[in-house]
Each structure stands twice: as C-alpha cells, then as structure tokens.
Amino acid sequence: MALKANSIWGCSKALHFHVGVPDSGSRFCGLRFVNKWECCCAPVVFAQFHRAITPVEDEKPITPSDLDSSGAIQRSQNNTESSGFHKDLNLLPKPLSVTEPSSSSSDGSKVRVAYQGIPGAYSEAAALKAYPKSETVPCEQFEAAFKAVELWLVDKAVLPIENSVGGSIHRNYDLLLRHRLHIVGEVQLVVNHCLLGLPGVQKEELKRVFSHPQALAQCEMTLSKLGIIRVSADDTAGAAQMVASSGERDTGAVASARAAKIYGLNVLAEKIQDDDDNITRFLILAREPIIAGTDRPYKTSIVFTLEEGPGMLFKALAVFALRNINLTKIESRPQRKRPLRVVDDSNKGSAKYFDYLFYIDFEASMADPRAQFALGHLQEFAGFLRVLGCYPMDTGLL
Ligand SMILES: O=C(O)C(=O)C[C@]1(C(=O)O)C=C[C@@H](O)C=C1
C-alpha cells in the first residue's frame, strides 16, 4: 500500500521537526540559520564555514573536532553525554559515508527506498536503477516520500526533479527547501512512454488516456494527432491500474512497458514521447549528507536569495564563472512567505517586485577549494544560502 502523508504524520508524535522558509526564521532540525548559510553538506564545508552558522540552544553544529580520522561523528547527538553506551543502537546517528549507492544497509538488510507512485512507475524504475536490490516503498505524494525518510520509515527517497522535455518538477524544488534532507546522488532515466490498452483493443478505439501530467506533456504531439482526450492521474502506473480495473475499452494509459506487464495491459504503441531522447533526472535524498570527494565528477546543489539591486544575479553567477565552474542548472521559485518586495521609490511612489529563491547546480565538489571560495564569495550578497547536497554526477549512460 502506498504511504500517505497523513499516515506518516500519524507516526510522528515522538519526533519534532519544524519546517519553514528561510526568511521566516524557522528552525530546521535544531539549527537556526540566521539569514546566511544554511549549510548541511559534508564536514569539509563545516570546517570552512561553520562560523556563519548560528546554533540554537539545543544543538551545536558539527565541527572538525567532532570527527574521527574517518570523518565519522564522534560526539553524541545532543552533546550532553560524552561517554557511555546508547541504549538503542538504531537511534544513534549513522556515520557519514562516502556512499557508492549500495543496496544494503550497514546491518545487511535491504535499503528501503521511497518513491512517488505505485509499482511500475518510472520513479520506481529510477529507485531500482540507483539501488538494484533495494526494497522500493510506494508513496502517494512527493511529500510522503520526504517524510518517510525523515521518520526513518525508509533509508532514501528517489524523486524526479526535471525532464528533458517537460522541464522542472517545481513541487520538488519547493519541498527540498521545506525539508531538511540532503541530496546524496542523482539518477538519469530514459523514459520511453507506451500507449496501453485492454487486451484486444486497437489504438484507434481509444477516446481518452490517463497519465501523469508530465507524461501527458511529454507525449503532447502524439496524443494530439490521435485526437485522444487527456486525463491526469497521480502517476503513470496508477493510470495503467485504473484502465485495467475499469475494463473500459475506449480508455488507455500512457505508462511504461513494465506497468503494462504488472497490470495486464497490452502495449498499443511504443516510444510515443515527442522527443526520442526523453530523460528524467531524479534526486536521491537521505537524512545524512555524504562526504564530498574529488575522486570523480561531483555536482553541488545550492539555493539562495539575493538582495535587490542592479546586476545582483549577474554577480551571483559570476562567482562561478570567475572560477571556471560550470553551471548545469538554474531555477527560480517564488518565495512563498515573502512573495512581494515593496520598494519605496522616493519621487515615484512605491513599486512591488516579486522575491525569488534561486536554485543552482554546479559541477564541482565541496571538497574543491574553487567551490568553497565561490560560495564564500556568493555569501557576500546572498541574503540566505543553503547547500542542498554535494554528490557524484550520474555520468553513466542511461
Ligand atoms: O508517473 C510516474 O511514473 C513517475 O514516476 C512520475 C514522472 C514525473 O513526475 O515526471 C517521472 C518520470 C516521467 O517524467 C513521468 C512522470
């Protein structure tokens, strides 16, 4: 059964975590980040920038002295016990690791990976690409997957962030900021959509198709040519399941060949996406960050706000250009708690501007001094800055 956000909240009584947008001064899991860096990447980052973080009373940021030679955190989580054994070993913070995505946890059990949708969804395929022997856990909404990780119901979540045809999945950008998970990897998946129908049905008989809105958008031209009515579903596999259980011969689904197998449907047409190379990029999220290395190509994802003024975004981007750091993605999202900025323009009255959050991915590891200097420089004009994660790039083909 898919996890629901509510049911997960139901389990959360003993745990407290607060969410909010940066300028609201909210607490994120015990650390208050006053205006500047919200930094949660690897210890190397703390080593460079821990001065910029303002701890709240009940938890101190990790400093280099808390780490042993392997980079594992040594002190107890609440910093009140310096010795003695913890009663429940499962509650102890896990040591940071330089993770090669591995399908088993440190205790030998299968890694549990949350994804949005039901079995046969592309997100499940992405989770299995990252962790081939994992136990995949379906969730009804993206937010349920975030919460499943936060509440230790699963180890990781794999969520779509952008598609080569449909663009960004904005909801997940917003959720990245609202939750305190770390990006520990990315997966690129080739998405080949099929037109599915009940056994014995010809594609010309279809009057309507169900699918996820992203999938419908990716097949826009094909579906228009066929003159089929499009109906939104929570995920592609869910659409296939609906068609199978409805038994309606004039109803089809846009989903994967695997979904067809699972739900007993026929593939009426293959590769129906408008663009042959239809690729979705997924992020792997975890409770702990990984230690950034320089042993292979790494990517770092950040989010920041800028003060108003001429050329601010130009200056922000220049900190990377000056150090020859390649940017792979830039996305802006409205700051929901502070959507408008009122500027008093002396003679002309006041003007209103929208306020934005900028999300950037760049090709450098946080262990690379260039990245550290670039972020130090960006901090000079960023109102708020948080490292969302530093992780190995998915360079393997698809
Ligand atoms: O509906 C699914 O199967 C999903 O995994 C969701 C999703 C998405 O959100 O973009 C994932 C990959 C494809 O781009 C289409 C849909």
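Testing Lys271 on (1) open to solvent by 10 Å² or more (accessible area, probe 1.4 Å); (2) of a type outside the set (Phe, Trp, Tyr); (3) within 16 Å of the ligand (Cβ to nearest atom); (4) at negative phi, one condition comes back false. Which one is that?
(4)
Against the definition (closer than 25 Å to Pro369 by Cα and in contact with a Ser or Thr (Cβ under 8 Å, 6 or more places away or on another chain)), how does Lys299 come out, yes or no?
yes
What number of residues within the range 235-264 are open to solvent by 40 Å² or more (accessible area, probe 1.4 Å) and either closer than 15 Å to Ser123 by Cβ or among the polar types (S, T, N, Q) (or both)?
5
Within the bounds of the range 221-234, is there any residue that is within 22 Å of Ser168 (Cβ to Cβ), surrounded by fewer than 15 Cβ atoms within 10 Å (Cβ to Cβ) and more than 13 Å from the ligand (Cβ to nearest atom)?
yes
Within the range 274-290, how many residues are modelled with pLDDT under 95, within 14 Å of the ligand (Cβ to nearest atom) and out of contact with any helix residue (DSSP H, G or I) (no Cβ under 9 Å at 6 or more places or on another chain)?
Residues flagged as modelled with pLDDT under 95, within 14 Å of the ligand (Cβ to nearest atom) and out of contact with any helix residue (DSSP H, G or I) (no Cβ under 9 Å at 6 or more places or on another chain) within the range 274-290 amount to 1.
Name the pairs: first residue in the range 226-249 and farther than 20 Å from Val191 by Cα, second residue of a type in the set (Val, Ile, Thr) and surrounded by 16 or more Cβ atoms within 10 Å (Cβ to Cβ), Cβ to Cβ under 7 Å, at least 6 apart or on different chains?
Ile228/Val209; Val243/Thr251; Arg249/Val201
If you check Ser346 against the conditions, is it at pLDDT 90 or above and among the hydroxyl-bearing types (Ser, Thr, Tyr)?
Here the answer is no, as Ser346 does not meet what is asked.
How many residues does the range 233-274 hold that are closer than 11 Å to His193 by Cα and acidic (Asp, Glu)?
Result for the range 233-274: 2.
Against the definition (under 19 Å from Met393 (Cα atoms), within 16 Å of the ligand (Cβ to nearest atom) and crowded, with 19+ Cβ neighbours inside 10 Å), how does Ala144 come out, yes or no?
Against the criterion (under 19 Å from Met393 (Cα atoms), within 16 Å of the ligand (Cβ to nearest atom) and crowded, with 19+ Cβ neighbours inside 10 Å), Ala144 does not qualify.
Among the residues of the range 175-215, write down those that are buried (at least 24 other Cβ atoms within 10 Å of the Cβ), away from the ligand (no atom under 15 Å from the Cβ) and either over 11 Å from the mean Cα position of the chain (by Cα) or over 30 Å from Glu288 (Cβ atoms) (or both).
Gly197, Leu206 - these are the residues of the range 175-215 that are buried (at least 24 other Cβ atoms within 10 Å of the Cβ), away from the ligand (no atom under 15 Å from the Cβ) and either over 11 Å from the mean Cα position of the chain (by Cα) or over 30 Å from Glu288 (Cβ atoms) (or both).
The values are calculated or read from the model by the stated rules, or taken from the named source; none is laboratory data. Given the structure is predicted, the values throughout are model-derived calculations rather than measurements. Note that each Cβ is placed from the backbone with ideal geometry, even for glycine, and that neighbours are counted across all protein chains shown. Keep in mind that these areas ignore ligands, DNA and RNA; they rest on the heavy atoms of the full protein, side chains included. Shrake-Rupley method; radii C 1.70, N 1.55, O 1.52, S 1.80 Å.
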